Amino acid sequence: MRIAMIQDDWWPRTGGGPVHVKELSIALAEQFGHTVDIYTRALEKDGERYTDVETFADGAVRVHRLKPSAEYWNPFGRVSSLATPLPHLLTEKFDVVHGHTFLPAVPTRTAGALTDAATVFTVHGTALTSGVGRDESIFAGVKRRLERQFVLNFDYDHVISVNTEHLDLLGAHHDRLSCVPNGVDLERFDVDVDRRDEILFLGRLAPKKRVSDLIDAFDRIADEIPETDLVIVGTGPKSKELKAQATQLGIDDRVNFEGRVSDEAIPRYYRRARLFVLPSVWEGHPLTLLEAWAGEAPVITSDVEGIAEFVDHEETGYLVPPESPDELAAAIRYGLENTSESEQWAANASELVHEEYSWEGVAERTNRIYERITNET
């Protein structure tokens, strides 16, 4: 079977979307013999252009970075991505066109209307169910209306949600719907690293992540835990603001901003952390949660959409209300003071992630959808 994947962002922009598409594509190629072409944008960052074709799975998976090259948020670059995959989708014969996230809905739907390919659309997260903290721009209202059209009102042969929170909303508009959660490459986290006195955040420094609440919470207990540092891994639009916050609070010597790190380094950060903290106000199904579980880092995270359905409070992690630095500080204190208990959360979560969240399992469930819809079309 020949598959076209369409993904709006790719490295050097970090996030769960590129990881999901890459790992799913590799698993589909290796387990089922499919060939997968991933169409994404040619990005520019810090003066460097990322345009090269990448291959994985012995060439069965190819990543095509389509020009024009532009910064991720560049309006021209984003709008052009609605059309740049179309020459490939309309002239090459694909069995399935599978779009991910938001803007790829347009070329996915167009390919479905103009070719014989079956279409799948995966919703990784949507402001239509919980828009708080997601978009602070003046165009937020316009984007929300476009998202409603793309996610709810376009026809696809099948729609996938990475969590169950979206199923009611999506089910009111789509007849063929499944929940297929994210996965994690478990072997990647089999590294031998000693624990350190570190609290870790790893992810996009974006508004919805509320890393400012974590810095605020750390400041409230910093004097109680003088040997413990806060380590923040990732980049994003809030980076400068968060560094300024740490400086203003006088804890910049205890808050280490690591920036973007290599894929090879990421498992070591989880393995050495005493706690992993994810204070988001909403998520789809965060890959960082699964990565922390795979790295056996005890998790403290928000009791919000896209997280609470996966975390069993005080069994596989510790849930706190969102946007509550006081309660977040109390949870961090509890996790550090009760290490045998927090380590048990990590052990339980590690067992769970090995049983239910491998990419092999995700690929198998996705392939069943492909087989069903291609037999129907």
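The charge dipole of the chain, taken about the Cα centre with unit charges on the Cβ atoms of Lys, Arg (+1) and Asp, Glu (-1), comes to about 1840 debye, rounded to the nearest 20. Residues whose amide H comes within less than 5 Å of that of His174, counting only those at least five positions distant or on another chain, are absent (H built at 1.01 Å from N in the peptide plane). When the Cα positions of Pro267, Gly317, Trp293 are compared along the charge dipole of the range 264-377, Pro267 comes out farthest toward the positive end, with charges on each C-beta of Lys, Arg, Asp and Glu.
Close amide H partners of Val123, meaning residues 5 or more places away or on another chain with modelled amide H under 5 Å apart, are Ile160, Ser161, Val162.
Ranked by the mean number of other Cβ atoms within 10 Å of their residues, highest first, the peptides 297-310, 331-344 fall in the order 297-310, 331-344.
Rounded, prolate or oblate, given the Cα gyration tensor of the range 184-264, with a/c below 1.5 counting as rounded? Walk me through the numbers on the way to the answer.
Details: a/c = 2.31, a/b = 1.32, b/c = 1.75.
Verdict is oblate for the range 184-264.
Charge tally around Ile373: other residues with Cβ under 11 Å, Lys/Arg +1 each, Asp/Glu -1 each, net -1. Each residue of the range 12-27 is assigned a 3J(HN,Hα), and the resulting list reads x, 6, 8, x, x, x, x, 4, 4, 5, 5, 5, 4, 4, 4, 5 Hz, derived from the Karplus form 6.51 cos²θ - 1.76 cosθ + 1.60 (θ = phi - 60°), x at Gly and Pro. Over the chain, the alpha carbon radius of gyration divided by the compact-protein estimate 2.2 N^0.38 Å works out to 0.98.
Using bins 10 angstrom wide from zero, how does P(r) for the range 186-356 break down, in % of all Cα pairs? In whole percents, the pair-distance histogram is 11, 44, 38, 7, 0.
Phi-derived couplings, Karplus 6.51 cos²θ - 1.76 cosθ + 1.60 at θ = phi - 60°, listed residue by residue for the range 53-69: 6, 10, 10, 9, 6, 6, x, 6, 10, 10, 9, 9, 9, 8, 6, x, 6 Hz, with x used for Gly and Pro.
Looking at the chain, the DSSP beta bridges with both ends there are about 10 percent antiparallel.
Would you work out if the range 1-119 is rounded, prolate or oblate? Take a ≥ b ≥ c from the square roots of the eigenvalues of the alpha-carbon gyration tensor; rounded if a/c is under 1.5, else prolate when a/b is larger than b/c, oblate otherwise. If you can, show how the numbers build up before the last one.
Values: a/c = 1.91, a/b = 1.24, b/c = 1.54.
It is oblate, given that a/c is not under 1.5 and a/b is not larger than b/c.
3J(HN,Hα) couplings calculated from phi for the range 217-231 with the Karplus curve 6.51 cos²θ - 1.76 cosθ + 1.60 (θ = phi - 60°) are, in sequence order, 5, 4, 4, 5, 10, 4, 5, 7, 10, x, 8, 9, 10, 9, 10 Hz; Gly and Pro show x. Taking the Cα centre of the range 186-356 as origin and assigning +1 to Lys and Arg Cβ atoms and -1 to Asp and Glu Cβ atoms, the resulting dipole is close to 860 debye.
Have a look at Leu336, Leu28, His88 and report the one farthest towards the positive end of the charge dipole of the chain, computed about the Cα centre with Cβ charges (Lys/Arg +1, Asp/Glu -1). About the Cα centre, the residue reaching furthest to the positive side is His88.
Label the range 285-365 by shape, choosing from rounded, prolate and oblate, from the square roots a ≥ b ≥ c of the eigenvalues of the Cα gyration tensor; if a/c is under 1.5 it is rounded, and otherwise prolate applies when a/b is larger than b/c, oblate when it is not. In terms of gyration-tensor shape, oblate.
None of the figures in this text is laboratory data; all of them are computed from the coordinates on show. On a predicted model such as this, the values are computed, not experimentally measured, just so you know. Using ideal geometry, Cβ is built from the backbone for each residue, glycine included, and neighbour counts are taken over all protein chains shown.
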